[in-house]
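The values are calculated or read from the model by the stated rules, or taken from the named source; none is laboratory data. Just so you know, these numbers come straight off a predicted model, no measurement behind them. Methodologically, a virtual Cβ is constructed for each residue, glycine included, from the backbone with ideal geometry; neighbour enumeration extends over all protein chains shown.
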Amino acid sequence: MDLKSNHTAPILADPAPISKSRLGVHSSLLAYSPPGAVFSPNLFLTVPRKKTGILDDVRASGWLDAMKSSSPPHKKTREFNNELASADTDVAYRTWMVKYPSALTSFEQITNFAKGKRMALFLDYDGTLSPIVDNPDCAFMSTDMRAAVEKVAKYFPTAIISGRSRDKVYEFVGLTDLYYAGSHGMDIMGPVRQFSDDHANCIRSTDKQGKEVNLFQPASEFLPMIDEVFNSLVNSTKEIKGAKVENNKFCVSVHYRNVDEKNWTTVAQRVHDVIRNYPRLRLTHGRKVLEVRPVINWDKGKAVTFLLESLGLSNCDDVLPIYVGDDRTDEDAFKVLREGNRGYGILVSSMPKESNAFFSLRDPQEVMEFLKSLVIWKKKTIAKMIQETGFAQMRQMFSPHPAVSLFVCLSLNFPPSTGSWISTFIEQLSPTSFGCLHDCGERREEVKKTGDVGWYQSRTHPVLMTDVE
């Protein structure tokens, strides 16, 4: 992808080299794709022209109105005439949910559509996996949420796409069997694929454990500019009480959640005064945050498309992508999935607002329940498939594949007859069929005692597997 600017005199003359010491994190997740999967050459990045210095006052420009419209009301406002406000809000929310029904109450509809399909999950972080908090450095996900994400990632390819830096998101989540995309998808850690060798913005590297990863960074040339703007914004807002500037590597976030509303105009003006000198940067609004981003044709929607293609899951009728997010920047992903009924977007919101999503969830607690429901549904689907397939068919399916991976799980109990039947099947497998992944060869005796098995597709062969708890 070529990121050359349309401007005749770009501020950034030389692309910034990407240090190969900035490594991704280890992941044991295998790509759900045939070896020949490649990334489409049709996703070109363009840098549209942007005029400079046209906003002399943030009031006239509408920045302040945008800041207010993108921010939930203050606590004091919510507490005023609380009962009446609550009643009005509940009525409005119920009406809104007619258009955006709950993904929990509509779960059967979602899973019916998912039958026979490979599901892929994409999750925002702030406001989706963790609550929105006053201090962005303390947006920790709960232990229960981490467990839910870890379990769902064992059944479906799962990625977290956040406006945060990729390193920061991984620091919060701390799970290796996921894909991570930071800076609104401008910093993606994905599986190693052949297309990366010929791709200008993809770097093949190794993480600290020696695992090969691909780092896709379509805005790499903007790094020096982003660092420069970050330092300028820190200096220009340091006297505004409550303002916090965060460097998210390929974008800069100016948080005004803890700023008195009467000073929002000052925040907006200071930000404007800085970025007016950078025609290759643009401003977007989030939940009480102003975000400075490169002017390139790239967003969370394109990040989803990129990950699907790199996983070999794009342009397939048997794939169902689901994206869960709460912010305006997630709308780009919702729109991509809505086009052609490609997948489902799920908006996380307790307030009515227009969206490209199909379904809704009220808060991170409901997100966690949804993820848990997916795991339960998948286990039941696997159990039913095994019971209906029968021993002879399963043996025939595996006969061409001597390398069959087996995992162990003690969480799901099949009926005694099923457990015995699976033990018989396991006895028919040769010892070399065990232990391709996760060192399971040493657990053969334990395997015989459990019936929780499932089918996953690895890069080269079918996998008879369960999740280890």
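Brief remarks follow.
- Leading residue by the ranking (modelled with the lowest pLDDT) among those in the stretch 309-340 that are in contact with a Pro (Cβ under 7 Å, 6 or more places away or on another chain) and assigned to a helix (DSSP H, G or I): S310
Each row is one residue, and each column tells you yes or no for (1) under 21 Å from Y170 (Cα atoms); (2) touching a Pro at 6+ places or on another chain (Cβ under 9 Å); (3) not assigned by TED's automatic domain parsing to the domain that holds H184.
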| site | (1), (2), (3) |
| --- | --- |
| K262 | no, no, no |
| A268 | no, no, no |
| H272 | no, no, no |
| T284 | no, no, no |
| K288 | no, yes, no |
| W298 | no, yes, no |
| L307 | yes, yes, no |
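- Applying a threshold of 9 Å to beta carbon distances and a minimum spacing of six or more residues, or different chains, the list of pairs starting in the stretch 311-323 at a residue that is in contact (Cβ under 8 Å) with a residue 24 or more places away in the chain and under 17 Å from G301 (Cβ atoms) and ending at one that is of a type in the set (K, R) and in a strand (DSSP E or B) reads L313/R118; V319/R118; L320/R118.
Residue-wise test of (1) within 25 Å of S350 (Cβ to Cβ); (2) assigned to a loop (DSSP other than H, G, I, E, B); (3) charged (D, E, K, R); (4) free of Cβ contacts under 8 Å to residues at least 24 places away in the same chain.
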| site | (1), (2), (3), (4) |
| --- | --- |
| A120 | no, no, no, no |
| V133 | yes, yes, no, yes |
| M141 | yes, yes, no, no |
| M145 | yes, no, no, no |
| K151 | no, no, yes, no |
| K154 | no, no, yes, no |
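- Failed criterion for K241 (all others in (1) more than 29 Å from the chain's Cα centre (by Cα); (2) surrounded by fewer than 19 Cβ atoms within 10 Å (Cβ to Cβ); (3) in a helix (DSSP H, G or I) hold): (3)
- Of N248, N258, all but one fail to be under 24 Å from D126 (Cα atoms), buried (at least 21 other Cβ atoms within 10 Å of the Cβ) and either touching a residue at least 12 places away in the same chain (Cβ under 8 Å) or not hydroxyl-bearing (S, T, Y) (or both); the exception is N248.
- When every residue of the stretch 352-361 is checked against the conditions, none turns out to be at pLDDT 95 or above, within 30 Å of G163 (Cβ to Cβ), in contact with a Leu (Cβ under 7 Å, 6 or more places away or on another chain) and part of a helix (DSSP H, G or I).
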